[in-house]
Amino acid sequence: MEESAHRRGDKKVVAVVGGGLVGALNACFFAKRGFEVEVFETREDIRKAKVVKGRSINLALSHRGRQALKHVGMEDKIVSKGIPMNARMIHSLSGKQSPIPYGKKGQYILSVDRANLNKELLTEAETYPNTTLNFDHKLQDWRAETGLMTFARPDGSKTQTQADLIVGCDGAFSAVRKQFLRRSRFNYSQTYIPHGYMELTMPPRNGEFAMKPNYLHIWPRNTFMMIALPNLDKTFTCTLFMPFEEFEKITTGDEVIEFFQKYFPDAIPLIGAAALRRDYFRLPAQAMVSVKCSPYHIGDKCVLMGDAAHAVVPFYGQGMNAGFEDCIVFDEIMNQFNEDFSVVLPEYSRVRVPDDHAIADLAMYNYVEMRAHVNSKWFIFRKHVDNLLHLLMPKTIIPLYTMVTFTRTRYHVAVERWHWQDKVSFFLLLFNFPL
Ligand SMILES: Cc1cc2nc3c(=O)[nH]c(=O)nc-3n(C[C@H](O)[C@H](O)[C@H](O)COP(=O)(O)OP(=O)(O)OC[C@H]3O[C@@H](n4cnc5c(N)ncnc54)[C@H](O)[C@@H]3O)c2cc1C
Ligand SMILES: NC(=O)C1=CN([C@@H]2O[C@H](COP(=O)(O)OP(=O)(O)OC[C@H]3O[C@@H](n4cnc5c(N)ncnc54)[C@H](OP(=O)(O)O)[C@@H]3O)[C@@H](O)[C@H]2O)C=CC1
Ligand SMILES: Nc1ccccc1C(=O)C[C@H](N)C(=O)O
């Protein structure tokens, strides 16, 4: 076993495990503070990879994520390559399209390319002279007492290195988190929902987007749905979310077309019948898991952030945004407590756990809103009422979606306010508030 050198001197060493979205961003946050930062990523350098592994081609970036990018001077660069989505575009069975705006005029979420975002963040992290990126390093084991980590290399060898702080940003199936499970008073739950997802591509039509680009398109079919987000190359990435048992019922190309004919007829010519027949069987439907745990730290040695701390189902488009906000919250607490890890880590767990748990629940809720509620006249009416009340009393009534997506209102506070506001607007409706 090879013993890799680790730097000490007067600077503390922070090991960021995982060079995905949150890990790469976090490396910038720690480097900015002057720590010696070592990033360890199991995969090869995504910037050199011929084939980019992993799913979810694009992501919805919103205020929390943007604020975190702003902290490290990356907001403009990323936003300039994003496509604004101003509203949901609801596709009815008959093919009618009706928009439901996300917020006030000028408020939008951005469709960004996951691979490009990851590449840009790694390149930014590398601009700090005190940061080293180590690819092809898969964390196998680590010790909370010493901060000693063991990594597996693609050639089968092992490397060990030590750090003052280990930051687990290694995603939903975190290897860092495994050590937490062996400790007393660590709470952990994971739930696989019975639905899976499958990504399909809608190509450009005559060199242009096949549908209006500045929308998040939704085909809500009550018990399942398809969505589509635009990409810079004028394609859309369509994602079909559906119970696994429904996916499994479709076994032939003809059945795929039959299914689309029944539920998404307007999408067939846009995706293309031949592509549908082929692409449906390219990859099996993927699972979605929600992981909640607490606390997020062990002593002054280790902390979990991003999906490693809180994998959420994707339906609010907040997983990455919440992970990025984790970095800001940690940074704010570092300022507050003078970078004393023995105080910062427990405080971070205390502050952040309720918020990450709240967005996990909201993400579950938003699936029902997207696939079913948007079909209801009552829901649309209530949305209008909320928007109007927000216009009349902007400080008192703020729609839930606005709080979650366009502000940094703590997620758990947003949930509390939502319940309270719901009662107020119901009361106003009951007494015929002149709307
Ligand atoms: C279909 C889908 C759609 C989504 N859409 C959105 C959206 O629109 N908006 C949004 O905000 N979020 C979205 N998300 C969530 C988002 O993808 C995640 O929240 C985000 O990627 C989390 O980033 P992360 O860095 O914590 O984890 P990851 O992006 O998974 O990065 C973890 C990294 O750690 C590495 N790693 C894993 N194990 C090890 C190990 N043992 N040693 C070293 N390295 C390791 C991995 O290779 C990876 O690079 C979506 C998720 C899915 C599945
Ligand atoms: N909340 C959710 O439902 C989901 C969230 N995600 C998140 O989306 C992001 C990108 O995902 P993507 O790049 O596709 O990641 P992958 O699905 O490719 O997973 C990344 C690594 O995690 C390990 N892994 C994958 N599935 C499992 C599993 N079921 N049990 C244990 N380990 C597993 C694999 O490691 P190994 O090589 O050792 O097998 C894999 O290399 C990540 O943040 C991920 O956390 C991804 C899927 C679902
Ligand atoms: N990115 C996603 C991926 C999967 C499912 C939903 C989203 C969303 O962003 C939904 C959006 N926030 C909405 O409420 O309409």
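The values are calculated or read from the model by the stated rules, or taken from the named source; none is laboratory data. What you see is a predicted model, and the numbers here were worked out from it, not measured in a lab. In this analysis, Cβ positions are derived from the backbone assuming ideal geometry, glycine residues included, and neighbour counts consider all displayed protein chains.
See the values below:
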| item | result |
| --- | --- |
| Of all residues making up segment 351-399, the number that are basic (Lys, Arg), in contact (Cβ under 8 Å) with a residue 12 or more places away in the chain and closer than 30 Å to Asn335 by Cβ | 1 |
| Count of residues meeting criterion [in contact (Cβ under 8 Å) with a residue 60 or more places away in the chain, of a type in the set (S, T, N, Q) and surrounded by fewer than 21 Cβ atoms within 10 Å (Cβ to Cβ)] in segment 162-185 | 2 |
| Set Gly82, Gly106: member being surrounded by 14 or more Cβ atoms within 10 Å (Cβ to Cβ) and either more than 11 Å from ligand 1 (Cβ to nearest atom) or modelled with pLDDT of 95 or more (or both) | Gly82 |
| Segment 317-344 residues that are under 21 Å from Phe406 (Cα atoms), paired with ones that are within 10 Å of ligand 1 (Cβ to nearest atom) and among the basic types (Lys, Arg) (beta carbon under 9 Å, 6 or more apart) | Gln318/Arg64; Met320/Arg114; Asn321/Arg64; Ala322/Arg64; Phe324/Arg64; Glu325/Arg64; Ile328/Arg64 |
| Every residue from segment 189-224 that is surrounded by fewer than 15 Cβ atoms within 10 Å (Cβ to Cβ) and not polar (S, T, N, Q) | Tyr192, Pro194, Pro203, Pro204, Arg205, Gly207, Glu208, Lys212 |
| Among the residues listed as Asp386, Asp361, Asp355, the single one being within 16 Å of ligand 2 (Cβ to nearest atom) and either assigned to a helix (DSSP H, G or I) or of a type in the set (Val, Ile, Thr) (or both) | Asp361 |
| Matching residues in segment 156-214 - criterion: being away from ligand 1 (no atom under 13 Å from the Cβ) and of a type in the set (A, V, I, L, M, F, W, C) | Ala163, Leu165, Phe180, Leu181, Phe186, Met202, Phe209, Ala210, Met211 |
| Residue check for Ala68: away from ligand 3 (no atom under 16 Å from the Cβ), outside the structural domain of Phe209 (by TED's automatic domain parsing), under 25 Å from Pro399 (Cα atoms) and of a type in the set (A, V, I, L, M) | yes |
| Failed item, numbered, when Tyr365 is tested on (1) within 18 Å of Ser294 (Cβ to Cβ); (2) within 15 Å of ligand 3 (Cβ to nearest atom); (3) surrounded by fewer than 18 Cβ atoms within 10 Å (Cβ to Cβ) | (1) |
| Any hit, segment 120-138, residues being crowded, with 20+ Cβ neighbours inside 10 Å, assigned to a loop (DSSP other than H, G, I, E, B) and touching a residue at least 24 places away in the same chain (Cβ under 8 Å) | yes |
| Condition met for Phe40 (within 16 Å of ligand 1 (Cβ to nearest atom) and aromatic (Phe, Trp, Tyr)) | yes |
| Qualifying residue in segment 159-181 (condition: of a type in the set (A, V, I, L, M, F, W, C), in contact with a Ser or Thr (Cβ under 8 Å, 6 or more places away or on another chain) and either farther than 30 Å from Met89 by Cα or within 16 Å of ligand 2 (Cβ to nearest atom) (or both)) | no |
| Segment 43-60 - residue that is touching a helix residue (DSSP H, G or I) at 6+ places or on another chain (Cβ under 7 Å) and within 16 Å of ligand 3 (Cβ to nearest atom) and, of those, nearest to Arg352 (Cα to Cα) | Leu59 |
| Qualifying residues in segment 44-69 (those that are surrounded by fewer than 17 Cβ atoms within 10 Å (Cβ to Cβ) and within 14 Å of ligand 2 (Cβ to nearest atom)) - the one farthest from Cys238 (Cα to Cα) | Glu44 |
